[in-house]
Each structure stands twice: as C-alpha cells, then as structure tokens.
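Contents: one structure, followed by commentary.
The values are calculated or read from the model by the stated rules, or taken from the named source; none is laboratory data. The structure presented is a predicted model; accordingly, all values stated were derived computationally and were not measured. Heads up, the Cβs are rebuilt from the backbone with ideal geometry, glycines too, and the neighbour counts pull from every protein chain shown. Accessible surface areas use protein heavy atoms only, side chains included; no ligands, DNA or RNA. Shrake-Rupley method; radii C 1.70, N 1.55, O 1.52, S 1.80 Å.
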Amino acid sequence: MPKKSLADVPASALTAGLTVVRFDLNAPLDDGQVSDDTRLRAVVPTLETLRDAGARSVLLSHLGRPEGRAVAELSLRPVAERLSELTAAPVTFVPAVSGPEVERAAREVGPGEALLLENTRFLPGETANDPELAASWASLGSVYVNDAFGAAHRAHASTEGVARAVRADGGVAVAGPLMERELRFLGRVMTEPERPFVAVLGGAKISGKIDVVEALLERVDRLVIGGAMANTFFLALGLETGGSLVEDDRVELARELLERAGDRLMLPIDVRVADALTESATVREVERSRVGSDDVIGDIGPMSLGMFAEVLAGARTVVWNGPMGVFEMKNFAAGTVELAEHVAQATSAGALTVVGGGDSAAAVREAGVYDRISHVSTGGGASLEFLAGERLPGVEALSDSED
Ligand code: ADP
Ligand code: MG
C-alpha cells in the first residue's frame, strides 16, 4: 500500500503546529566530533524544505547503542552543531528525550526553526516501543515525518509507535523525501523489475543474508554470487577452499540453493588467493579448482569478472549487495572496484541499478561511481529486509495514500 509523503501534507498543516521528524543522524563520532557527516548532509534538503515551508520542527534520532541509558559520548549535541553549520540555520538542541524540558523547548521553536532532542535510545522505551514514550512525542504535533529509512525495519517508539500515536490522535504520518526515494527505487525492483533482472550478492556471510538470497532467487533471471559468500558454495561443489572464510554449517543450504537455482546462479570461476588476507600479501590469480590447502581466497578473479560484466551488460535491472572481496585492502579490491564500474556502465546503458549495504555503498564511493548508480540505499539492514520481501514496521505505520 503506497504511503503518504511530505509533499502530500498541506502547507497549512505544516504551519499550524509542530512537525515531529525522525531522521537517521547516527553519524560516527570521534572525540566528541562528527567524523563522517554523510548522514547529516543527506537530511539537509529535507530540513530546508521544512524551513522554507515555515514548519516548526522537532527532530528525533538515535545514535549508537546506549542501551536505554544516558551515555555522554553518545549525545546528539555535536550532531546539532554540525547540522547548524551544514544548513546555515541554527538547529537548537535540548539535552532531554521526553518530558517537561522537551515540552518547554518545543514551545520556543519558531516558524522555520528546528529543535533536536537528545538521543532517543537514552530511554529504554525507545527500543521497547513504549506507547507512553511514543505518545509524548505525538502530543507535540499532528504531523509526523519519517525520513529515517535506515531505522524503518525496527518497530521502535520513534519510528513505529509515534507514527501510530499521531494517527490515532487524528494527525498524519508521512514518509520524508529520503524515505520516499528509497521506497520508490526498492519498490520498483521488488514489484515491477524490467528484465533481465540480475542480482549480485557478496560480502562476508550467507547466514545474515539467507532471506535475501532466497527471495531474490525467486525473482531474478540471474543471481551472481561473489565475496566470501561464494566460498561456502565452493565447498558445496566439493572444491578446496584452504584457509578461506567459510560457513561449514551453511554448506547444505548452499547445496540446496545450487540445485534449486540451476544455471540461474553464477559463481566465480577463478579467484585471487594469497597465504593470508593482509595488505602486503602477494596475490595469485587461480582457477577455482586450483585453490591450494594453504591458500586464502580474498577476491574474485579476472575471468569471473569478465563473465559477470557480460551478464551486467545485458541487464535492465540490477541489485547489488555485498563486495566481491576484501575491498578494504588494495591487493584484494580489484574485483569489487571493477564490478562497481560495470554496474555504473549498466546504468549508462539504461538499466535501473540499486546498490544496498553499508560496505557496498562505501565500495561504490571508493570506486568513484556513486553518481552513476540509479540509487544507493543508505539503509543497510532495512534495505536487506525490504529485498527479502519483508514489511518494514516504520513504513507500515505511516498513513496510506488514500487516507
Ligand atoms: P554490506 O555491508 O555491503 O552488506 P557485508 O557486510 O555483508 O556487505 O560484507 C562486507 C565484508 O565482506 C567486507 O568487510 C569484506 O572485507 C568482506 N569480504 C568479502 N569477500 C571476502 C573474502 N573473500 N574473505 C573475507 N572477507 C570478505
Ligand atoms: Mg556490512
């Protein structure tokens, strides 16, 4: 069911009372300073839209995992300071999550201004989705905007609970622009992919991504598997994997998937190996049947890349999650970086390309092709759950378009 978005909210509703906005401001901090402001930059257009509309905004976000208590190092204060610099408009901060201090500060918010509350996870009610905590935020205003796709797979008070509470009070709960874009692109991939539809999966483990592998297998024309994930499939084929990262308890699953997928599933035919996964290790390219008992697989090989590139060149829809190798190390980065280039080329050739996963997004950025991908999802876990066909509670709780 399509959800209402910020654009559906009449201007009069934005100026009538406070607008409660959930962002994902979970930026890494180093020594009390924001060390990577990518997530903060991402919300600037939304903040500016709200400001230009004259909205009086109260902002919610989590930061890290304080586990229900106040942890000074995980305060959102430095985030408010950085946001103020990025938006050239003050984002004021109140060191409270809920209660009289918040209510007092909220009353002071003027038209076009924004107030950031303290880390929602400082209270145990956040992850417990406590209705009272949700109601305390809902009582602030009658418009709720969720622009935190990365937190949408969690039924927390600031995502699911507050949306339901606002609606129960007769208000409206809508998707912000970032959330709306995520749902539009991921939705297209899941419901009406142009064919051929190719998925590329990689990364460290099958175990965390079984649901995605299974769900995509049903939908795609080709499922390409690389990264350490491929190693467990190699074991299922009876191949030597030496000291590579494998999941012994998933070999049977890999065997089953191979059987079910037939020739829709493609594995690397060659790999890059070394005697250890270190920056200084000397790398050899070998066919997958030539991996020795002392070898460690760190990347896919050039022949595999050529094969994957050919599949990507013919694709109309591409989903990529998970690096092809240990791309953090220069000597094992080629497979991932070159694959990123081929995904970018597929985009230029007219394919819809979607990249999900934190490490994959970083790899795309490193490869310098970020702007040549149709959509790079910022929600790691949330995009995986979406691609696995699961419903996201933070999205489900929003007002339906027809309401
Ligand atoms: P994403 O964050 O994009 O979902 P994952 O977290 O699943 O991706 O996997 C990324 C990690 O997988 C990277 O840290 C990378 O080093 C690791 N990886 C990929 N291939 C291998 C390999 N052959 N051996 C060990 N680790 C690997
Ligand atoms: Mg990761």
At most 13 other Cβ within 10 Å, DSSP loop - trypsin sites (Lys or Arg not before Pro), the range 83-121: none
Carbon + sulfur, % of accessible area of the chain - ligands and nucleic acids excluded, 1.4 Å: 48
Anchor Lys4: aspartates and glutamates whose Cα lies under 18 Å away (excluding residues fewer than 8 positions away in-chain): Asp147, Glu160, Asp169, Glu180, Glu182, Glu396, Asp400, Glu402, Asp403
Mean accessible surface per residue for the chain, computed with a 1.4 Å probe while every protein chain stays in place, in Å²: 42
Student exercise, the range 1-111 dipole from Lys, Arg, Asp, Glu Cβ charges, in Debye to nearest 20: 420
Fraction of beta bridges assigned by DSSP in the chain that are antiparallel (%, nearest 5): 20
Separation between Cα centres of the range 138-170 and the range 247-269, rounded to whole Å: 40
Linear extension gain, Glu259 paired with Ser401, 0.36 nm per residue minus alpha-carbon span: 46.9 nm
Net dipole in debye of the chain [+1 Lys, Arg Cβ; -1 Asp, Glu Cβ; about Cα centre; nearest 20]: 720
Using a Förster distance of 30 Å, the FRET efficiency for Leu86-Asp8 (Cβ separation, nearest 0.05): 0.70
Reference-scaled alpha-carbon Rg (2.2 N^0.38 Å with N residues) for the chain: 1.07
Electrostatic dipole magnitude of the range 251-403 [Cβ: Lys, Arg +1; Asp, Glu -1; Cα centre; debye, to 20]: 380
Of the GluC sites (Glu not before Pro) in the range 5-110, those whose Cβ has at most 12 other Cβ within 10 Å and which sit in DSSP loop: Glu67, Glu108
Accessible surface of Ser139 - all protein chains present, 1.4 Å probe, nearest 10 Å²: 80
Dipole of the chain [Lys/Arg +1, Asp/Glu -1 at C-beta], most positive-end residue of Val44, Leu6, Ser374: Leu6
The range 1-153 shape via C-alpha gyration tensor axes, a/c threshold 1.5: rounded
DSSP-assigned coil residues among trypsin sites (Lys or Arg not before Pro) in the range 328-403, each with at most 13 further Cβ atoms within 10 Å: Arg391
At R0 = 51 Å, FRET efficiency that the Cβ-Cβ distance of Glu214 and Val44 yields, to 0.05: 0.85
Contour minus Cα-Cα distance for Leu239 and Glu366 (0.36 nm per residue): 42.5 nm
Listed residues Ser142, Pro100, Val318: farthest to the positive end of the dipole of the chain (Cβ charges): Ser142
Calculated FRET value between Asp294 and Asp221, using beta carbons and R₀ = 45 Å, to 0.05: 0.75
Over the range 218-265: Kirkwood hydrodynamic radius from C-alpha pairwise inverse distances, Å: 11.1
